Amino acid sequence: MDLKATLKRAANLSRENDCDMVVGDDGTGEWIIMPLDDPRSDSLAPGIIVDKGGIRYPEDIDTANNLMRQGR
C-alpha cells in the first residue's frame with residue numbers, strides 16, 4: 001500500500017479504535033500502522049502520527065508530502 005492510502009487507513013483505524021496511530025517504516029521499506037501507545041512505534045522511521053482527523057502535526061504533513069513527492 002502506498003503512503004497516501006496507508007495514512008487514510010490509519011485515520012480510519014484511529015476512529016474505529018479511538019486511539020492515535022503511527023504510520024512508518026520499520027526498516028523493511030513497507031509502510032506499517034501501529035497504535036501510538038505501542039512501544040514498538042518509537043522505532044518507526046519516519047514515523048507520522050495520525051489521529052481521527054488525519055495527520056496530527058504540521059511537521060508530519062511536511063514529511064508525508066516530501067515522501068510522496070519522492071515516490072515512497
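The values are calculated or read from the model by the stated rules, or taken from the named source; none is laboratory data. Not measured: the values here are computed from a predicted model. Note that we place each Cβ from the backbone using ideal geometry, even for glycine, and neighbour counts take in every protein chain shown. In case anyone asks, the SASA skips ligands and DNA or RNA and just uses the protein heavy atoms, side chains included. Shrake-Rupley method; radii C 1.70, N 1.55, O 1.52, S 1.80 Å.
Computed quantities for the displayed model
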| quantity | calculated |
| --- | --- |
| Probe 1.4 Å, all protein chains present, accessible-area order of Thr63, Thr28, Thr6, largest first | Thr28, Thr63, Thr6 |
| Gain upon complete extension [Ser43, Glu16; 0.36 nm per residue less C-alpha separation] | 7.3 nm |
| Loop-located GluC sites (Glu not before Pro) in the chain whose Cβ has at most 14 other Cβ within 10 Å (DSSP) | Glu30 |
| Isotropically averaged projected area of the chain, using the convex hull of Cα atoms (one quarter of hull area), nm² | 4.2 |
| Relative contact order (%) - the chain, alpha-carbon pairs under 8 angstrom, separation at least six | 33 |
| Accessible area of Met1 in the full protein assembly, 1.4 Å probe (Å², nearest 10) | 140 |
| Label-point gap, in nm, between Gln70 and Met1 - each point 7 angstrom along Cα→Cβ | 2.1 |
| Amide H contacts under 5 Å for Leu36, placed H, 5+ residues apart | Asp20, Met21, Val22 |
| With all protein chains modelled, accessible area of Ile61 [1.4 Å, Å²] | 70 |
| Rounded FRET efficiency, nearest 0.05, which uses the C-beta distance separating Lys8 from Glu59 and R0 of 25 Å | 0.80 |
